[in-house]
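Visitor: Attaching a single structure in C-alpha cells format; questions to follow.
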Amino acid sequence: MIVKQGLTAIFKQANLDTNLLRIAEKVQNEERLTEEEGVLLFEKGELAFVGALANHVADRLHHGKVYFNRNFHIEPTNVCVFTCNFCSYSRQYKHRDDGWELGMEQMMDIVRKYDGQPVTEVHIVGGVHPKMNFEFFCELLSKIRAHRPELHRKGFTAVELDYMIRKAKLTIEEGMQKLKEAGLESMPGGGAEIFHPEVREVICADKVDADGWLKIHETAHNLGMHSNATMLYGHIENYGHRIDHMSRLRQLQDKTGGFNCFIPLKFRNKNNDMSHITETTITEDLRLYAISRLFMDNFRNLKAYWPMLGRQTAQLTLSFGVNDLDGTIDDTTKIYSMAGAEEQKPSLSTEELCDMIDAVGRIPVERDTLYNEIKVYKQPVAS
Ligand code: V47
Ligand code: SF4
C-alpha cells in the first residue's frame, strides 16, 4: 500500500526537509546516494524515515525473504600478536596460558562432531598466533576438505591472512592462490573496523591498514572467491568516518562484485580497553542498518549478526533493511560473549531462527554461503 502510494508522496505531506525529500526520491528512483547525502542521513534522518526507505529497498530486492545458514565456527586460538583496544577476546603471547590454542586434531574433532548433521559451512576465525603459520592453516583446510568435501570452508580475516602470508614470504596473490588450492573457498569480513586512519590509528594501530585489507579482498575476488565486509561502529568514529568506510567498500564492490554481504558490528564495551565508551542505543543501531541499506546500493545482502546484537534487536533489524541473520552458530564462537553481548551461549535451532523471522511477517529461507537458496521454510499467506 505504502509503496503504491509512493513513499515520497507521504514524506511531502509530512513537510520533510527538502534535502531529505530529494534523498527519498533518489532511493525510489534507484539512484546512488553521494557521501554528503550519506552523512546527512546520519545527521538528520529520523528512524522512521530511514527505516521506511530501507524497508522499501530490501523488499524490492528480496520480496520479504530473510536468509540464514547452518554453520559452525572454529576459533583456532585467541592468542594474538595485535593489540586492538576494542578486543575483549585476545590474549598476548606472553599470557597465552590464559587463552586457548587448538591443535590440528582438536579442530578436526570439531568438524567431525557435525558428521551427519545438515550444516553447510564452517567459519574459521581467531587471533593471530605467531606460531600458527601458513602451512598449518593450509593443512587444516585440506584436511577439512578431505573429510567433508561439500562443507563450505570460509576462513580467516584479512588481518590473519596479511600476517600469515607475509610471514611465509609470499606475495598476497601467491598466498591467496595457495590457500585457494588448499581448500579456502571464501572469507569472512572481519578486521575492517573503521578504515579511516584518524580512527584506525587509535583503535587498532598495529594491524593491516585499509589499503591492505581492501587489497586482500580484491585479490580474493580476482581469484573467484567471495568475501564479506564488516564495519565496527559505535565507539570513537564520527558519521563522516562511517560513510568513508562504506564508500571504500562500495567502490571495491563496483570493481569486483565479489562481496556477498555487509555486516555492521556494534561495539560492545565489556572487558576491553575501550570500556569507558557508552554503547550505542538500539535506535542508533537501527538507523545505522537502515542507512547502510540505502548507501551500500551494490550490496544485495545486509546481515545482522545476532550473537552480537542479541536476538530481539536482530529481529527488529528485519524491519530496517536487513535480509540476513547469519546462522545457527551452535555456541561455537566466544568473541561477543567475552565482550558483554546478551547471548552468552549463542546457538539457535533452525526452527527457532525460522520462528524469529516468521514472527515479523518475513519468509525464512535457508541459504548456502554464496546465497543460493537451499529451502524456503514458510510461504507468506496470500492476501
Ligand atoms: O574484526 C572484536 C569485531 C570482528 C569486538 O563475515 C568486536 O560472516 C564488537 O568479523 N565489540 C571479527 N565487535 C568477527 C567478524 C565476523 C563475525 C561474524 C560473521 C562474520 C562474517 C564476520 O569482530 C573483528 C571486530 O570488528 N569485534 N571485538 C567488540 N568488543
Ligand atoms: Fe587480535 Fe582480532 Fe582481537 Fe585485534 S580484534 S586483538 S586482531 S583477535
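The values are calculated or read from the model by the stated rules, or taken from the named source; none is laboratory data. What you see is a predicted model; the values in this text were computed from it and never measured. Note that each Cβ is placed from the backbone with ideal geometry, even for glycine, and that neighbours are counted across all protein chains shown. Just so you know, the surface numbers come from the protein's heavy atoms only, side chains and all, with ligands and any DNA or RNA stripped out. Shrake-Rupley method; radii C 1.70, N 1.55, O 1.52, S 1.80 Å.
Visitor: Can you give the accessible area per residue of the chain, in Å², using a 1.4 Å probe?
Guide: 42
Visitor: Using only the alpha-carbon atoms of region 50-107 as identical scatterers, what base-10 log of I(q)/I(0) does the Debye formula give at q = 0.14, 0.17, 0.18 Å⁻¹?
Guide: -0.65, -0.69, -0.71
Visitor: Considering only protein heavy atoms and a 1.4 Å probe, what is the carbon-and-sulfur percentage of the accessible area of the chain?
Guide: Values: 7900 of 15940 Å².
Answer for the chain is 50 percent, counting heavy atoms of protein chains only.
Visitor: Sticking with this one: Roughly how big is the chain's charge dipole about its Cα centre, with Cβ charges of +1 (Lys, Arg) and -1 (Asp, Glu), in debye to the nearest 20? Could the numbers behind the result be given before it?
Guide: Values: 46 positive and 55 negative charges, 86 e Å.
Here the chain has a charge dipole of around 420 debye.
Visitor: Just to confirm my numbers, what's the Cα centroid distance between region 159-184 and region 80-105 in Å?
Guide: Computed from Cα coordinates, the inter-centre distance equals 21 Å.
Visitor: Right, another one. When a/c is below 1.5 the answer is rounded, else prolate if a/b is larger than b/c, else oblate, so apply that to region 199-303 with a ≥ b ≥ c taken from the square roots of the Cα gyration tensor eigenvalues.
Guide: oblate
Visitor: Shifting gears a bit: Angle between the Cα long axis of helix 18-28 and the longest principal axis of the chain, 0 to 90 degrees, nearest 10?
Guide: Its long axis makes an angle of about 70 degrees.
Visitor: Another one. How far is helix 282-295 tilted, in degrees, relative to the longest principal axis of the Cα atoms in the chain, given as a value from 0 to 90 rounded to the nearest 10?
Guide: Once rounded, the angle reads 90 degrees.
Visitor: Under 5 Å between amide hydrogens, which residues at least 5 positions from Val66 or on another chain qualify, with H placed 1.01 Å from N in the peptide plane?
Guide: The list, which skips near neighbours in sequence, is Ile363, Val365.
Visitor: Right, another one. Tell me whether region 1-141 comes out rounded, prolate or oblate; compute the Cα gyration tensor, take square roots of the eigenvalues as a ≥ b ≥ c, and use a/c under 1.5 as the rounded threshold.
Guide: Values: a/c = 4.12, a/b = 2.20, b/c = 1.87.
Since a/c reaches 1.5 and a/b is larger than b/c, the shape of region 1-141 is classed as prolate.
Visitor: What lysines sit close enough to Lys270 to cross-link, taking a C-alpha to C-alpha distance under 20 Å and skipping anything fewer than 8 places away on the same chain?
Guide: Once the sequence-local lysines are set aside, what remains near Lys270 is Lys334, Lys345.
Visitor: Cα axis of helix 134-147 to longest principal axis of the chain: angle in degrees, 0 to 90, nearest 10?
Guide: So the helix axis and the longest Cα principal axis differ by about 80 degrees.
Visitor: Which aspartates and glutamates, if any, have their Cα less than 19 Å from the Cα of Lys65, not counting same-chain residues under 8 positions apart?
Guide: In chain and number order, the partners are Asp297, Asp324, Asp326, Glu351, Glu352, Asp355, Asp358, Glu366, Asp368, Glu373.
Visitor: Residues with amide H under 5 Å of His73's amide H, sequence separation 5 or more or different chain, H placed in the peptide plane at 1.01 Å from N; which?
Guide: Counting only residues 5 or more places away or on other chains, the set is His123, Thr332.
Visitor: Moving to a separate point now. Using the Karplus curve 6.51 cos²θ - 1.76 cosθ + 1.60 with θ = phi - 60°, work out ³J(HN,Hα) for each residue of region 157-170 in order, rounded to whole Hz, and write x for Gly and Pro.
Guide: Along region 157-170, the couplings run 6, 4, 5, 5, 5, 4, 5, 5, 6, 5, 5, 7, 6, 10 Hz.
Visitor: According to the Kirkwood expression over distinct Cα-Cα pairs, how big is the hydrodynamic radius of region 64-147, in Å?
Guide: By the Kirkwood definition, the hydrodynamic radius is 14.4 Å.
Visitor: Once you have all Cα-Cα distances for the chain, histogram them in 10 Å bins from zero and send the whole-percent values.
Guide: Distribution as computed: 5, 24, 34, 25, 9, 2, 0 percent.
Visitor: Whole percent per 5 Å bin, from 0 to the bin with the longest distance: what is P(r) over all C-alpha pairs of region 100-229?
Guide: Per 5 Å bin, starting at zero, the Cα-Cα P(r) for region 100-229 comes out as 2, 10, 21, 23, 19, 14, 7, 3, 1, 0 percent.
Visitor: So, one more: Test of understanding: in a Gaussian network model of the chain with alpha carbons linked when under 10 Å, which of Leu288, Leu325, Leu61 would top the mean-square fluctuation ranking?
Guide: Leu61
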